[in-house]
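Down below is the structure, laid out as C-alpha cells.
The values are calculated or read from the model by the stated rules, or taken from the named source; none is laboratory data. As the structure is a prediction and not an experimental result, all values here were calculated from the model. Backbone-built Cβ (ideal geometry, glycine too); neighbour counts: all protein chains shown. Ligands, DNA and RNA are stripped out before the accessible areas are found, and what is left, the full protein with its side chains, is counted by its heavy atoms. Shrake-Rupley method; radii C 1.70, N 1.55, O 1.52, S 1.80 Å.
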Amino acid sequence: MSNTYYDPADLKKFGKISEWNQDLGDKFFEYYGKVFEEGALSAREKSLIALAVAHTEQCPYCIDAYTKDGLQRGITKEEMMEALHVGAAIKSGATLVHGVQMMNKVNKLDG
C-alpha cells in the first residue's frame, strides 16, 4: 500500500471534527444533513452535484464519499463523468471570465 498525504481512513474520522468545538460541529452537521434531505432536488441529484463539486474543489475525501454514494443511488459511471465535465466547464469558464478584469486593467493602464 502506498502512502499518500490524504489517508482514506481519515474520511471515517470526519464525524469527530466536532470534538474540539461541539457547538459549531453540531450546527454544521445539522445543516449538512438538512441540505442532503429530499427536497426540490432528489437525494440522487444532490449526490451527483456533490460529486461534481468535490472534483472542482479537489477534495479526495469528498470524491471517495460521493463516488460511493452515487453508485449506491444508481448513478452510472457515464452520468458521473458527464457531471465531472460540467463542473470542469464551469470552473474553467469562471477562470476565463475573470480575464475580463485583466483586460479592463490593461486597457485602463494603456489608456
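Taking the condition in a helix (DSSP H, G or I), hydrophobic (A, V, I, L, M, F, W, C) and open to solvent by 100 Å² or more (accessible area, probe 1.4 Å), does ILE17 pass? Considered against the rule, which asks whether it is in a helix (DSSP H, G or I), hydrophobic (A, V, I, L, M, F, W, C) and open to solvent by 100 Å² or more (accessible area, probe 1.4 Å), ILE17 comes out as yes.
Screening GLU37 on (1) open to solvent by 60 Å² or more (accessible area, probe 1.4 Å); (2) more than 24 Å from GLU79 (Cα to Cα); (3) under 18 Å from the mean Cα position of the chain (by Cα) shows it passes everything except condition (2). Just to be sure, is GLU30 in a loop (DSSP other than H, G, I, E, B) and either farther than 25 Å from HIS85 by Cβ or polar (S, T, N, Q) (or both)? Considered against the rule, which asks whether it is in a loop (DSSP other than H, G, I, E, B) and either farther than 25 Å from HIS85 by Cβ or polar (S, T, N, Q) (or both), GLU30 comes out as no. Set side by side, the residues SER92, SER42, SER47 differ, and just one is open to solvent by less than 80 Å² (accessible area, probe 1.4 Å), touching a Phe, Trp or Tyr at 6+ places or on another chain (Cβ under 9 Å) and of a type in the set (S, T, N, Q), which is SER47.
A quick yes/no check of all residues on (1) more than 26 Å from TYR32 (Cβ to Cβ); (2) modelled with pLDDT of 95 or more; (3) among the aromatic types (Phe, Trp, Tyr):
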{"position": "TYR66", "(1), (2), (3)": "no, yes, yes"}
{"position": "ALA83", "(1), (2), (3)": "no, yes, no"}
{"position": "SER92", "(1), (2), (3)": "yes, yes, no"}
{"position": "VAL100", "(1), (2), (3)": "yes, no, no"}
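Hey, can you tell me all the residues within the stretch 64-87 that are over 27 Å from ALA9 (Cα atoms) and hydrophobic (A, V, I, L, M, F, W, C)? Residue satisfying the conditions is VAL86 alone. Against the condition without any contact (Cβ under 8 Å) to a residue 60 or more places away in the chain and assigned to a loop (DSSP other than H, G, I, E, B), how does GLY25 come out, does it pass? Considered against the rule, which asks whether it is without any contact (Cβ under 8 Å) to a residue 60 or more places away in the chain and assigned to a loop (DSSP other than H, G, I, E, B), GLY25 comes out as no.
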